[in-house]
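**Q** Below is a structure I'd like to ask you about.
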Amino acid sequence: MISVVIPTYNSEKTALAAIKSVLFQTYEDWNIIIIDDGSQDNTFVLIDEFLKTLPENLSAKITLFKQQNQGPSAARNLGVSLSKGEYIAFLDSDDCWDKNKLEIQMKYMKNDDSLYLCATAFGRKRIKEKTDSKYISFRKLLFKNYFSTPTVLVKKKIFNQFEFDVNQRNSEDYKLWLQIAHEYKCLYINEVLASNQENKKDYGESGLSANLRKMQKGELSNFVFLYKQSKINGLLFLGCVFFSSLKFCIRLVKSKIL
């Protein structure tokens, strides 16, 4: 079984579409855990009313929980703790999946028992390489985050060792993927199987990802964490900081132009 964790916060316009994209999956062995992170709008009520309209065989597979606002990391951690599946998938409430997403990912997972994390292309972020998939090493992930959170499928037992950092509000998901990639095999599928419902630009839109400086600060803090944990040496740390700073400058220019 795959447990799908969906954190929601003030997402009354998009949450139902996100949920429906799970209901329509060709892979049917799933359950959904929705964590409303203290929404101030009608998100919780709309979801609750929608669940009441579903046939019992579907509504029984969905859990809706409300918590005081603590941020997406706390919501995702809670969702994982309530999950029943052997695998965990994450879906943000303003995103949606292609109907074949879980089926395609599970084929890769079942074909390689040593694979612990599997992600796909997201929105416009398909890599240019002519490949269906590629293994992403820890070193590769240091210089490019291949894993958008709404595309990630991961073995649940990883969370006995790791979790999302609730004290970090930017690039905290990237921090978790780096920790996992340091220890386990990870795969990227070069096919767009998840996207944003509102077709947000890569940079300059509203939300956490819009604040490039905070994103940069979070990314740099990840490298500091890895260095202090002796997972990267001083030379690699400096290389990561330099390359990250270069990417930040490029993103800043793009956000002004696009």
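**Q** Restricting attention to the stretch 66-87, does a residue exist that is surrounded by fewer than 14 Cβ atoms within 10 Å (Cβ to Cβ) and modelled with pLDDT under 95?
**A** Looking for residues that are surrounded by fewer than 14 Cβ atoms within 10 Å (Cβ to Cβ) and modelled with pLDDT under 95, one finds at least one in the stretch 66-87, hence yes.
**Q** When you go through (1) within 22 Å of Phe24 (Cα to Cα); (2) touching a residue at least 60 places away in the same chain (Cβ under 8 Å); (3) aliphatic (A, V, I, L, M) one by one for Leu117, which number turns out not to apply?
**A** Exception for Leu117: condition (1).
**Q** Right, another one. When you scan the stretch 180-198, do you find a residue that is part of a helix (DSSP H, G or I), closer than 26 Å to Trp97 by Cα and modelled with pLDDT of 95 or more, even just one?
**A** Yes, that holds for at least one residue.
**Q** Moving to a separate point now. Hey, among Ala18, Ala74, which residue is closer than 27 Å to Ala121 by Cα, touching a residue at least 12 places away in the same chain (Cβ under 8 Å) and in contact with a Leu (Cβ under 7 Å, 6 or more places away or on another chain)?
**A** Residue meeting the stated conditions: Ala18.
**Q** So which of Leu82, Leu115, Leu102 is in the same structural domain as Asp37 (by TED's automatic domain parsing) and either over 25 Å from Thr14 (Cα atoms) or among the basic types (Lys, Arg) (or both)?
**A** Unique residue meeting the criteria: Leu115.
**Q** Additional query: Only residues that are surrounded by fewer than 16 Cβ atoms within 10 Å (Cβ to Cβ), in a loop (DSSP other than H, G, I, E, B) and out of contact with any strand residue (DSSP E or B) (no Cβ under 9 Å at 6 or more places or on another chain): list them for the stretch 134-161, please.
**A** Matches in the stretch 134-161: Lys144, Gln161.
**Q** Next question, about the same structure. Considering only the stretch 49-101, how many residues are among the hydroxyl-bearing types (Ser, Thr, Tyr), more than 14 Å from the chain's Cα centre (by Cα) and under 21 Å from Asp37 (Cα atoms)?
**A** Total satisfying the criteria: 4.
**Q** Looking at Lys125, Lys130, Lys134, which one is without any contact (Cβ under 8 Å) to a residue 60 or more places away in the chain and out of contact with any Leu (no Cβ under 8 Å at 6 or more places or on another chain)?
**A** Lys130
**Q** Of all residues being in contact with an Asp or Glu (Cβ under 6 Å, 6 or more places away or on another chain) and of a type in the set (A, V, I, L, M, F, W, C) in the stretch 20-59, which is surrounded by the most Cβ atoms within 10 Å (Cβ to Cβ)? Just the residue, please.
**A** Filtering the stretch 20-59 for residues that are in contact with an Asp or Glu (Cβ under 6 Å, 6 or more places away or on another chain) and of a type in the set (A, V, I, L, M, F, W, C), the one surrounded by the most Cβ atoms within 10 Å (Cβ to Cβ) comes out as Phe44.
The values are calculated or read from the model by the stated rules, or taken from the named source; none is laboratory data. The structure displayed is predicted, hence computed values, not measured ones. Methodologically, a virtual Cβ is constructed for each residue, glycine included, from the backbone with ideal geometry; neighbour enumeration extends over all protein chains shown.
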